[in-house]
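Contents: one structure, followed by commentary.
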Amino acid sequence: MRAAALAGAAGLVLAVAGACAPPNETTSSPSTPTTVTSSSTYRSPEDIYLLNNALYSAGQVQAVACKLPDIALQTQRGLQQYSVAYLDCLQRAWKPLVDRTDSLLTPPGLHTVNQGARTGCGVVSDDDEAFYCGENTGIYLDWDVHVEEEPGDRMEAGTYLQYVIAHEFGHHLQHMVGISTQFDLRLEEGTEAAQLEQTRRHELQASCFAAAFLGANQRTLDLHGIKLEVYQWAAYTGDDDPPAGTRDHGSRKSNTAWTNAGFKAKSPAACNTWVVSSGRVS
Ligand SMILES: [Zn+2]
């Protein structure tokens with residue numbers, strides 16, 4: 001099995017929230033008794049974009065005809081070509097859902113890079129197998145981490161890559177529909193432990209979105225047998241697996257539960273990590 005740790009694969013680079021300052025007014029909590037005034041219809045941006053985002057009720061992810069090039073995943077050019085083709089499948093599968101919200105889904109960029117490369121979100125470090133940069137809506141892949149380890153290993157490398165890119169595309173969705181802006185605001189307050197919990201909600205949701213896409217496209221991507229095992233290995237990996245790292249991506253138990261739910265439902269309806277108890281995002 002590939003030695004790459006998913007915690008690194010899904011390394012999160014936070015978008016700097018420059019466009020939107022946090023509101024100064026306090027918003028009424030759900031437990032506040034409502035009075036019949038015009039303000040009773042007020043819904044906070046957090047309510048609209050995070051807790052009840054329209055994406056959650058936009059239906060199932062589309063099954064799309066996804067034709068991937070049958071090429072060796074051994075060079076930067078090969079990785080780029082494969083990833084761009086796969087990205088087009090993700091875009092076509094998710095766009096009808098985002099079109100049902102008030103947001104737009106423009107395709108993200110796909111950049112195969114090396115450690116030390118400058119990106120829209122800083123320099124690629126050795127921890128960054130892949131990440132999403134909201135500043136320029138780009139997915140960055142440290143490509144030589146994702147090559148076939150030996151000839152004949154292509155299926156495994158390709159399936160692992162499919163999960164990683166689908167996860168990063170999940171962050172793109174969060175960015176485009178307004179979830180990430182609200183997440184960034186939550187990160188501005190609270191203890192380190194509280195911020196880590198918010199980060200786990202964000203990461204587990206991106207993984208659930210990835211699983212929803214792969215569940216919807218299980219047939220077209222032929223995700224059975226060894227491929228299904230590779231997918232599950234990647235999807236279930238938690239930040240508590242040895243060597244345990246920062247608790248920012250969720251435990252094996254949490255990753256397994258959220259990706260299984262997304263895969264089965266084939267829908268972002270199963271991926272609202274923002275309204276569940278802390279125990280479900282451990
Ligand atoms: Zn991530």
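Just one residue in the set GLY152, GLY122, GLY116 is surrounded by fewer than 17 Cβ atoms within 10 Å (Cβ to Cβ), at positive phi, in contact (Cβ under 8 Å) with a residue 60 or more places away in the chain and not hydroxyl-bearing (Ser, Thr, Tyr); that residue is GLY122. Each residue in region 210-232 was checked for being away from the ligand (no atom under 12 Å from the Cβ), under 28 Å from LEU50 (Cα atoms) and not in a loop (DSSP other than H, G, I, E, B), and 8 of them qualify. Being among the hydrophobic types (A, V, I, L, M, F, W, C) and surrounded by 15 or more Cβ atoms within 10 Å (Cβ to Cβ) is the filter here; which residues of region 85-113 pass it? Of everything in region 85-113, those that are among the hydrophobic types (A, V, I, L, M, F, W, C) and surrounded by 15 or more Cβ atoms within 10 Å (Cβ to Cβ) turn out to be ALA85, LEU87, CYS89, LEU90, ALA93, TRP94, LEU97, VAL98, LEU105, LEU110, VAL113.
Take the conditions buried (at least 18 other Cβ atoms within 10 Å of the Cβ), assigned to a helix (DSSP H, G or I) and either on the phi > 0 side of the Ramachandran plot or at pLDDT 95 or above (or both) and apply them to LEU204. Does it pass? Answer is yes for this residue. Filtering region 233-279 to residues that are free of Cβ contacts under 8 Å to residues at least 12 places away in the same chain and either farther than 23 Å from ALA193 by Cα or not in a loop (DSSP other than H, G, I, E, B) (or both) leaves only GLY279. Each residue in region 129-139 was checked for being away from the ligand (no atom under 11 Å from the Cβ) and crowded, with 23+ Cβ neighbours inside 10 Å, and 1 of them qualify.
Beta carbons closer than 9 Å, at least 6 apart along the sequence or on distinct chains, pair a first residue in region 190-209 that is away from the ligand (no atom under 14 Å from the Cβ) with a second that is not acidic (Asp, Glu) and not in a helix (DSSP H, G or I) for ALA193/ARG247; GLN195/LEU187; GLU197/GLY190; GLU197/ARG247; GLU197/SER282.
Just give me the residues in region 137-148 being within 14 Å of GLY78 (Cα to Cα) and either of a type in the set (Lys, Arg) or not in a helix (DSSP H, G or I) (or both), in sequence order. Result: LEU141, ASP142, HIS146, VAL147, GLU148. The residue that is farthest from GLN198 (Cα to Cα), counting only those in region 37-87 that are assigned to a loop (DSSP other than H, G, I, E, B) and among the small types (Gly, Ala, Ser), is ALA72. Scanning region 114-134 for residues that are over 15 Å from VAL164 (Cα atoms), assigned to a strand (DSSP E or B) and touching a strand residue (DSSP E or B) at 6+ places or on another chain (Cβ under 9 Å) yields THR119, GLY122. When THR246, THR256 are screened for being touching a helix residue (DSSP H, G or I) at 6+ places or on another chain (Cβ under 8 Å), among the β-branched types (Val, Ile, Thr) and more than 13 Å from the ligand (Cβ to nearest atom), only THR256 passes. Scanning region 94-113 for residues that are within 18 Å of SER83 (Cβ to Cβ), polar (S, T, N, Q) and in a loop (DSSP other than H, G, I, E, B) yields a single hit, THR106.
The values are calculated or read from the model by the stated rules, or taken from the named source; none is laboratory data. Everything quoted here is computed from the prediction, not taken from an experiment. Don't worry about glycine lacking a Cβ; one is built from the backbone with ideal geometry, like all the others, and counts go over all protein chains shown.
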